Amino acid sequence: MFDSLKKKLREGVARLSNKAETPAVEKPAEGKVEERPKRPGVARPGPARRVRPKRLPKAKPGEEKRENIEKEEIAEEPVTEKPPERKPEGVEEKPEIEESEVEEFKAEEPLFEKPKEEPEKRSRLASLRGIRERVSARELTERDIDDFFGDGEVELLQSDVALGVVDSLKEKLKERLVSSEVRRGRASEAVEKAFEESLLEIVDQGSIDLEGLIKKSRKEGRPLLMVFLGFNGSGKTTSIAKCASYLKGKGFRPVLAAADTFRAASIEQLEVHGERLGIKVIKHQYGSDSAAVVFDAVKYAGKNRLDVVLADTAGRAHTDRNLMDELSKVVRVNKPELKVLVVDSLTGSDAVEQARKFHEAVDVDCVVMTKTDVNPRGGSILSVVHTIRKPILFLGTGQEYSSVEMFSPRKFVKQLLE
């Protein structure tokens with residue numbers, strides 16, 4: 001279930017986590033060559049110069065002998081000793097230090113002891129350590145989030161996540177991650193938590209306490225009326241049968257209203273479900289007024305002290321104005337406690353427009369998403385809920401009557417990120 005969306009969200013968490021783990025590197029400005037700093041007082045060596053040896057003039061004949069004679073005369077001169085230097089009066093001569101005394105001096109203990117670390121100094125060192133730890137942390141920027149969505153936005157759209165949901169998710173991630181320190185080694189945990197909270201904020205639009213509403217209506221002496229509506233082939237009739245089975249298993253007594261008087265074999269289809277479940281079906285002839293069928297079903301349930309009426313309606317396109325007006329009449333005449341929009345989760349991006357138009361026509365109270373067991377994408381759930389801001393009541397998870405699941409926003413989000 002939702003394998004494609006799960007995969008894309010997991011990849012998104014991994015990509016954003018890698019950004020948080022990678023330290024930011026400042027690039028030098030374009031056209032500017034970074035120069036090595038020169039050490040003060042040290043000249044940088046220049047290119048080696050070639051020095052030619054100086055040529056001595058050739059000695060003339062007869063001069064060589066004279067030169068040798070002069071050298072012999074200089075060597076024979078007596079060497080005069082340098083007279084001793086006179087020391088100024090009043091200055092004492094420093095005694096020479098013997099080697100033994102030097103060794104003794106080396107063996108002695110140091111003259112100055114290393115001072116003990118003061119508490120003030122200790123706190124300063126601790127703050128330095130804190131700075132070092134902060135350097136190992138990485139702050140994500142708005143550009144990091146934008147880059148991530150620049151790469152992954154198309155993939156989310158391909159999973160039926162509406163553009164409005166993508167933009168909302170982007171803003172919520174920026175609120176939670178931008179300018180917050182993400183510790184290296186724990187980035188994946190922080191990013192996944194931010195994703196979970198952001199998705200939960202989109203999906204969690206409250207909840208419907210169905211059992212509590214039925215008990216409240218029973219105390220007031222009237223049945224609870226639920227009208228199911230939606231597009232052609234969305235799975236309304238099957239969803240009604242599953243809901244009836246679920247409520248019967250909880251100890252409630254439902255009745256079915258065959259208010260789809262337009263589609264061929266729709267009444268017979270609901271009667272088959274009623275016979276299998278042992279539940280009464282209220283019906284009129286084809287072409288009858290749908291509002292009248294629902295009215296009679298509510299009257300029958302009140303007379304026989306039944307708990308809840310589940311009314312089927314004809315499937316209709318959200319673009320058909322006349323059929324939408326007919327649906328508005330059913331709601332206006334019977335005033336149902338719950339108007340349940342049934343959406344095929346495989347519909348894709350058109351599910352958003354369907355939800356918007358039905359909500360504008362009758363003010364939808366909650367949603368049932370069908371065929372989620374064969375849906376690899378799952379983005380339509382996020383899209384529908386975000387568009388009309390209404391909670392999901394049930395998820396259809398198969399063909400059996402028991403294949404229905406009460407929707408839990410937190411469980412759904414955890415499944416997407418697991």
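The values are calculated or read from the model by the stated rules, or taken from the named source; none is laboratory data. Quick caveat, the model's predicted, so the values are computed rather than measured. Using ideal geometry, Cβ is built from the backbone for each residue, glycine included, and neighbour counts are taken over all protein chains shown.
Taking first residues from the stretch 134-150 that are within 17 Å of VAL166 (Cβ to Cβ) and assigned by TED's automatic domain parsing to the domain that holds VAL165 and partners that are at pLDDT below 80 and not small (Gly, Ala, Ser), the Cβ contacts under 6 Å between residues at least 6 apart in sequence or on separate chains come to ASP144/LYS19; PHE148/ARG15; PHE148/LEU16. When ALA311, ALA297, ALA355 are screened for being of a type in the set (Gly, Ala, Ser) and farther than 19 Å from PRO254 by Cα, only ALA355 passes.
If you scan the stretch 193-220, which residues turn out to be of a type outside the set (Lys, Arg) and free of Cβ contacts under 8 Å to residues at least 12 places away in the same chain? Don't jump to the end; show me each part of the working.
First, the residues of the stretch 193-220 that are of a type outside the set (Lys, Arg): 194-214, 217, 220.
Listed by number, the residues that qualify are ASP209, GLY212, GLU220.
For the stretch 330-418, the helices (runs of 4 or more DSSP H) that sit wholly inside it and include 2 or more residues that are touching a helix residue (DSSP H, G or I) at 6+ places or on another chain (Cβ under 9 Å) and more than 17 Å from LEU229 (Cα to Cα) are 379-388, 409-417. For the stretch 355-371, the candidate set comprises residues that are out of contact with any Lys or Arg (no Cβ under 8 Å at 6 or more places or on another chain) and surrounded by fewer than 22 Cβ atoms within 10 Å (Cβ to Cβ); within that set, the residue that is nearest to GLN158 (Cα to Cα) is LYS371.
Just to be sure before I move on: is ALA291 assigned by TED's automatic domain parsing to the domain that holds GLY221, of a type in the set (A, V, I, L, M) and touching a residue at least 12 places away in the same chain (Cβ under 8 Å) in the structure I sent? Steps first, answer last, please.
Numbers: assigned by TED's automatic domain parsing to the domain that holds GLY221: yes; of a type in the set (A, V, I, L, M): yes; touching a residue at least 12 places away in the same chain (Cβ under 8 Å): yes.
Yes, satisfied.
Looking across the stretch 296-330 at every residue that is under 22 Å from ALA351 (Cβ atoms) and β-branched (Val, Ile, Thr), the one that is surrounded by the most Cβ atoms within 10 Å (Cβ to Cβ) is identified as THR313.
Per the conditions (1) β-branched (Val, Ile, Thr); (2) assigned by TED's automatic domain parsing to the domain that holds LYS236; (3) over 30 Å from ARG321 (Cα atoms), the sole criterion not satisfied by ILE392 is (3).
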